[in-house]
Amino acid sequence: MPSLSGGRTAPRPRLRGLVGLALVLFVACSGKEPPRQPDPPPSQRTRDSAIGASNAPGASGVQGALRATDSAAARSARMDSIQ
């Protein structure tokens with residue numbers, strides 16, 4: 001019985017495999033990335049440190065206040081370790 005394709009056999013299994021592979025790749029690559037969480041705002045200490053390091057008027061006062069805060073925190077930690 002003569003074939004309808006003129007004697008050629010169609011490469012259907014190979015074509016199906018390629019189409020399937022293309023479909024899998026398309027689905028795998030089309031996923032959306034989850035939205036990125038925004039960075040948390042800088043702490044007050046971080047902002048004060050940046051101001052203290054600048055040449056802005058009053059920066060030396062901010063640096064002095066940070067040193068005083070650090071000194072008080074260290075003193076408090078020493079007192080807590082004694083008790």
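Values in this text are rule-based calculations from the coordinates and carry no lab data. For clarity, every value in this text was computed on a predicted model and none was experimentally measured. Please note: Cβ atoms are built from the backbone with ideal geometry, for glycine as well, and neighbour counts cover all protein chains shown.
Per-structure values
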item	result
Cut-off of 10 Å, at most 13 other beta carbons, DSSP loop: longest stretch of the chain lacking such trypsin sites (Lys or Arg not before Pro)	37-83
FRET efficiency estimate (nearest 0.05) - Cβ-Cβ, ILE51 to ILE82, R0 41 angstrom	0.75
Stretch gain in nm, segment SER30-GLN63, where the contour uses 0.36 nm per residue and the Cα spacing is subtracted	6.8 nm
Overall dimensions of the chain by Cα: Rg and Dmax, Å	34.9, 103
